[in-house]
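The values are calculated or read from the model by the stated rules, or taken from the named source; none is laboratory data. Every value quoted in this text rests on a predicted model; they were computed, and no experiment measured them. So basically every Cβ, Gly included, is an ideal-geometry build from the backbone, and we count neighbours across all protein chains shown. Note: accessible area is taken over every heavy atom of the protein model, side chains too, but ligands, DNA and RNA are not part of it. Shrake-Rupley method; radii C 1.70, N 1.55, O 1.52, S 1.80 Å.
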Amino acid sequence: MAALIAENFRFLSLFFKSKDVMIFNGLVALGTVGSEELFSVVAFNCPCSPARNYIYGLAAIGVPALALFLIGVIWNNHTWNLVAECHKRGVKNFSAAATFLLFGSIMGRAAVAPVTWSVISLLRGEAYICALSEFVRPSSLDKFPAEYGAEVLARFPCKDVPANLTKFRDEVTRRLRYESQLFGWLLIGIVAVLVFLTKCLKHCCSPLSYRQEAYWAQYRSNEDKLFRRTAEVHSRILAAKNVKHFFGFVALDKEEKELVQEFPVEGVQPSPQWNAITGVYIYRENKGFPLYSRLHKWAKGVEGNGPSPEGHEMLFLAS
């Protein structure tokens, strides 16, 4: 029984490790839903004034979505790898397909939060009703009093209307909420189809087998974890040596003393080495052997960034 439970836990661990991007996107979506709910309750307040409703309603949907999109672009490692690539080497070694793949990866991940925000806003309907209530044609409402115009329609979202217009306000609200929710469900459907087609295209165009792609993902994850962990230890030991050189001693705890004794650090890596392992990486092979990262490529002593007679560039981006 214990062995069965341990095996199940091991399976779940491997599952979540292999689905880290999907889980991250799910957490981003859930966080966006919570933020939108909080915004609607605390911050959203329709002005109920002609010409202002439209601007405020669109801003309530579009501005937070734009901010979330920019945050997603900033948080994406590919963004800064691309900046480093353009600064150090340019993009002349990238084909059009590789460039499209890179930008698609950045934009696709950054779009998770803003699309979620837009969908939830449309499904709730408040911002859409606020923006478009004044544009409802009075002639489309049965027996709507002729003496009332856009100013009264603009006050419908605030329920600040004469008693004889209550039924018209309910009808306008219901009609606009229907349209808003319809657009929200259509947006969900379009996004779902695009995600499905993108996943199919990715797996169909991948030069790697399923097992090799899974191995590559594990390698990237392990390399990143080990690199960050080692860099943290290396920088701590180097900082300890410099502090000791300045003061004549350094105050270390037991664990840090063991690190200093176990891992001798003589100096820092020169800038050319940092530049060699920094930037965008497209999967490549050299003489039939895969190169899984820029660090792997540097360790093997392979020069250059573009394809060569001995090397073959694969248009498959490291995620």
Give me the mean projected area, in nm² to one decimal, of the convex hull enclosing the Cα positions of segment 210-300. 7.9 nm²
Quick one: which residues, 5 or more positions from Y281 or on another chain, have an amide H under 5 Å from its amide H? H modelled 1.01 Å from N in the peptide plane, none for Pro or chain starts. A318
How high is the relative contact order of segment 210-300? Use alpha-carbon pairs under 8 Å, at least six apart in sequence, and give a whole percent. 24 percent
Per residue of segment 280-297, what does 6.51 cos²θ - 1.76 cosθ + 1.60 with θ = phi - 60° give for ³J(HN,Hα)? Whole Hz please, x for Gly and Pro, Karplus curve as stated. 6, 10, 9, 3, 9, 10, 10, 6, x, 9, x, 10, 8, 6, 5, 5, 4, 5
Result for segment 45-164: accessible area per residue, probe 1.4 angstrom, in square angstrom, of 53 Å²
Packing-based order for 44-54, 138-148, using average beta carbon neighbours within 10 Å, highest first: 44-54, 138-148
Which order do peptides 219-230, 152-163, 247-258, 71-82 fall in by mean Cβ count within 10 Å, highest first? 152-163, 71-82, 219-230, 247-258
Write down the Å³ per residue value for the convex hull defined by the alpha carbon atoms of segment 40-205. 147 Å³
Ignoring ligands, DNA and RNA, what percent of the 1.4 Å accessible area of segment 40-205 is carbon and sulfur? 68 percent
Carbon/sulfur accessible area of segment 210-300, % of total, 1.4 Å probe, equals 58 percent
